[in-house]
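Colleague: Below is a structure I'd like to ask you about.
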Amino acid sequence: MSFSRFFGHDIDFNLAMQPFTWQHYLLMFLGVLSVVVTLYYAKNLKVHKYERRIKIGFAIWLLGLELAYHLHYWLFGLFSVPLHVCSFGVLLSVILLFTNNKKVFEILFFVGIFGGLLALFIPNTLGYTYYNMRYYHFIFLHMSIAIVPIYYYRAYGFRVNLFSIYKTFGYFMLVLPLAVYVNYVQDKNYMFIGEKPAIIADLLPEWPYYIIIFAILALLMFHVLYFVSNINDKKFK
């Protein structure tokens, strides 16, 4: 493995992760593991004397991951702005880690858990292989943005309500026109509204109809997260 291959844009779709291979199963396992471990250790970490420092360190870690993503494009003269769903997850995670703001948690609960875990279960690695840093960056970032809201749910007892679902969905509808514009001007695929994710392309209708399916599925999964969190709330009391 060379330096240029690890830090460059070495893309090989034949070598990249394929659906339902050991690499795919590993990502799904890591997604589940991040949830289980966070739920198990959250309350212990909450009372740790260095909890504040750990949260600050995790916020810096998240900022570093996000900056590394954009630098990986910018240093090669490529366009990149934080308009992906998981970029919003990073921003909200950092704000929550510094402020403990419950209103931020309401949005991050859905963005971080849904966006982070969905990316691990239905990954779109863009052709980057395990020879490239972006492969590992993808895993670490999506695990991290799922961990933060789960930690606050378990350790701080933060909760969401039904209105939180529609508020989160509404915010994304406000951002949607900007993503459409940037996708058109820069030939990008922010929020996956310009092109279907390759891993599930065969399962979805053509553009723009699959976007409607995405929106319905997102709302459905938000409701599932809400009800599951209430069930767990009763279980852990």
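Colleague: Taking the stretch 1-27 as the search range and keeping residues that are among the aromatic types (F, W, Y) and under 19 Å from Y69 (Cα atoms), which one is surrounded by the fewest Cβ atoms within 10 Å (Cβ to Cβ)?
Modeller: F3
Colleague: State the number of residues belonging to the stretch 172-208 that are in a helix (DSSP H, G or I) and within 18 Å of the chain's Cα centre (by Cα).
Modeller: Counting residues in the stretch 172-208 that are in a helix (DSSP H, G or I) and within 18 Å of the chain's Cα centre (by Cα) gives 11.
Colleague: Answer yes if at least one residue in the stretch 134-155 is assigned to a helix (DSSP H, G or I) and touching a Lys or Arg at 6+ places or on another chain (Cβ under 6 Å), and no otherwise.
Modeller: yes
Colleague: Which one of these is under 12 Å from the mean Cα position of the chain (by Cα) and of a type in the set (A, V, I, L, M, F, W, C): F169, F110?
Modeller: F110
Colleague: Restricting the search to the stretch 162-191, which residues are in contact with a Gly (Cβ under 9 Å, 6 or more places away or on another chain) and at negative phi?
Modeller: A179, V180, N183, Y184, K188 - these are the residues of the stretch 162-191 that are in contact with a Gly (Cβ under 9 Å, 6 or more places away or on another chain) and at negative phi.
Colleague: Which of (1) more than 18 Å from A215 (Cβ to Cβ); (2) surrounded by 15 or more Cβ atoms within 10 Å (Cβ to Cβ) does V185 not meet, given it meets every other one?
Modeller: V185 satisfies every listed condition except (2).
Colleague: Would you be able to tell me the number of residues in the stretch 81-111 that are closer than 24 Å to L220 by Cβ and either surrounded by 17 or more Cβ atoms within 10 Å (Cβ to Cβ) or touching a helix residue (DSSP H, G or I) at 6+ places or on another chain (Cβ under 6 Å) (or both)?
Modeller: Result for the stretch 81-111: 17.
Colleague: Any idea which of L126, L118 is touching a strand residue (DSSP E or B) at 6+ places or on another chain (Cβ under 9 Å) and either touching a residue at least 12 places away in the same chain (Cβ under 8 Å) or not in a loop (DSSP other than H, G, I, E, B) (or both)?
Modeller: L126
Colleague: To continue, here is another question. Scanning for something among the aliphatic types (A, V, I, L, M), without any contact (Cβ under 8 Å) to a residue 12 or more places away in the chain and not in a helix (DSSP H, G or I), does the stretch 157-165 turn up at least one residue?
Modeller: no
Colleague: Now for a different question. How many residues are crowded, with 20+ Cβ neighbours inside 10 Å and of a type outside the set (V, I, T) when one looks only at the stretch 136-147?
Modeller: Residues in the stretch 136-147 being crowded, with 20+ Cβ neighbours inside 10 Å and of a type outside the set (V, I, T): 6 in total.
A short reminder: the numbers here are calculations on the coordinates, not readings from a lab. Note that the structure is a prediction, hence the values are computed from the model and not measured. Note: ideal-geometry Cβ built from the backbone for every residue, glycine included; neighbour counts use all protein chains shown.
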